[in-house]
Amino acid sequence: MFGSFPHEAEPDGAVFGPHHFYLGVLLILLVCWMLNDADSEGGPWGIAGLTLLSVFAFALTWPYYPAVGAFGVLVLLGVATLAAMRPRWWRYGTVPHAALLVGLFVAWDDALSHALGWRTPLDSLWARYLHSYVSDPYVPEKLRLPEGVRLPTEVRLPPDLKAFVAEQVGGALAVVPL
């Protein structure tokens, strides 16, 4: 369970590759931006700053100083999580607070899997369901719609639906950072 720290010297061998850490960070920053009040001095910028510092530790420190970068990511996400638990966040409502916590969960998921080598929930979802589809997508020969559902007459499907879907969907899912 515990080997050397960090488990990976560079996350997935490509720190600027698609990582779901970045998706969590984007969600956190989006919530902080949406809840910014120009008239208030106590905005959500503490969590935004900690999150941006964790990106610095993940992307720019970890590849060169693995132990320092991984430790920095974990500490900064930990402090951001503690700050998100403060009662002041409840005044924004349940949905923004839940979105902030989801963003933190997604960032934690990737950081823990790379730093400690744990099999995390989102990594398991990726390995079990999504990676095989991205690697070799199954595309049905013919479009089947549910019973009673019809496409409008002005919708024209490509003549070779299988080739179209394989080109578009496979390429699009290959860049999904999970």
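Computed from phi, the 3J(HN,Hα) profile of segment 15-25 under the Karplus parametrisation 6.51, -1.76, 1.60 (θ = phi - 60°) reads 5, 9, x, x, 10, 6, 4, 5, 5, x, 4 Hz, with x in place of Gly and Pro. The modelled label-to-label distance for the pair residue 160/residue 102, using points 7 Å beyond Cα in the direction of Cβ, is 3.9 nm.
Backbone phi angles across segment 26-37, fed through the Karplus curve with coefficients 6.51, -1.76 and 1.60 (θ = phi - 60°), yield HN-Hα couplings of 4, 5, 4, 5, 5, 5, 5, 5, 5, 8, 5, 10 Hz in residue order; Gly and Pro are listed as x.
Rounded, prolate or oblate, given the Cα gyration tensor of segment 60-139, with a/c below 1.5 counting as rounded? Since a/c reaches 1.5 but b/c is at least a/b, the shape of segment 60-139 is classed as oblate.
The phi torsions of segment 92-104, fed into the Karplus equation with coefficients 6.51, -1.76 and 1.60 and a -60° offset, translate into couplings of 7, x, 6, 5, x, 5, 5, 5, 4, 5, 5, x, 5 Hz, rounded to whole numbers, with Gly and Pro shown as x.
Starting from 0.36 nm per residue, how many nanometres of slack lie between residue 9 and residue 75 once their C-alpha separation is accounted for?
Numbers: separation 66, 0.36 × 66 = 23.76 nm, distance 1.76 nm.
Gain on stretching residue 9 to residue 75: 22.0 nm.
Residues of segment 9-104: accessible area per residue at 1.4 Å, in Å²? Present the calculation step by step, with values, prior to reporting the outcome.
Working: 5030 Å² over 96 residues.
Roughly 52 Å² per residue, with all protein chains present.
Cβ-Cβ distance of residue 60 and residue 26, R₀ of 22 Å, FRET efficiency by 1/(1 + (r/R0)^6): the value works out to about 0.80.
The values are calculated or read from the model by the stated rules, or taken from the named source; none is laboratory data. Keep in mind the model is a prediction, meaning the values are calculated, not measured. All Cβ positions, glycine included, derive from the backbone under ideal geometry; neighbour counts span all protein chains shown. These area figures cover heavy atoms from the full protein model, side chains too; ligands, DNA and RNA do not enter into them. Shrake-Rupley method; radii C 1.70, N 1.55, O 1.52, S 1.80 Å.
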